[in-house]
Amino acid sequence: MTQKIDIGKAIHEEMDKQSKGVSFMAKKLNTNRRRIYRIVAKNSIDTDLLFKVSKVLKHDFFKLYSDKLSENEAA
């Protein structure tokens, strides 16, 4: 069985890598800091929100899922 993707953790790691804080993300996504904390604490996310986060961080988070699909097909 394949390991699940923890998208919240992946987003949080990318934010850290880019030195983008919760306030930055909240402003860019037109929301509040509490919602950003909830996003990075969850292991799943709405695709529209993931698209917005991907655009803000200029990082293709969908690739994590595509790569997982490729792994499954190879197995």
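The values are calculated or read from the model by the stated rules, or taken from the named source; none is laboratory data. Fair warning: this is a prediction, and the values are worked out from it, not measured in the lab. Quick reminder, even Gly has a Cβ in these numbers, built from the backbone with ideal geometry, and neighbours come from all protein chains shown. Side chains included, ligands, DNA and RNA excluded: accessible areas come from the protein's heavy atoms. Shrake-Rupley method; radii C 1.70, N 1.55, O 1.52, S 1.80 Å.
Looking at segment 53-74, which of the residues that are touching a residue at least 40 places away in the same chain (Cβ under 8 Å) and closer than 16 Å to residue 4 by Cβ is most open to solvent (accessible area, probe 1.4 Å)?
The first filter runs over segment 53-74 and keeps only residues touching a residue at least 40 places away in the same chain (Cβ under 8 Å), leaving 53, 57, 59, 61, 64-65, 68, 71-72.
Still in the list and also closer than 16 Å to residue 4 by Cβ: 61, 64-65, 68, 71-72.
Working: 61: 2, 64: 66, 65: 82, 68: 48, 71: 103, 72: 72 Å².
Out of the qualifying residues, it is 71.
Table: residues versus (1) under 25 Å from residue 71 (Cα atoms); (2) open to solvent by 100 Å² or more (accessible area, probe 1.4 Å); (3) without any contact (Cβ under 8 Å) to a residue 24 or more places away in the chain; (4) touching a Leu at 6+ places or on another chain (Cβ under 6 Å).
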residue: 12; (1), (2), (3), (4): yes, no, no, no
residue: 17; (1), (2), (3), (4): no, yes, yes, no
residue: 32; (1), (2), (3), (4): no, no, yes, no
residue: 36; (1), (2), (3), (4): no, no, yes, no
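Report whether or not residue 50 is assigned to a helix (DSSP H, G or I), surrounded by 12 or more Cβ atoms within 10 Å (Cβ to Cβ) and hydrophobic (A, V, I, L, M, F, W, C).
On the way: assigned to a helix (DSSP H, G or I): yes; surrounded by 12 or more Cβ atoms within 10 Å (Cβ to Cβ): yes; hydrophobic (A, V, I, L, M, F, W, C): yes.
Against the criterion (assigned to a helix (DSSP H, G or I), surrounded by 12 or more Cβ atoms within 10 Å (Cβ to Cβ) and hydrophobic (A, V, I, L, M, F, W, C)), residue 50 qualifies.
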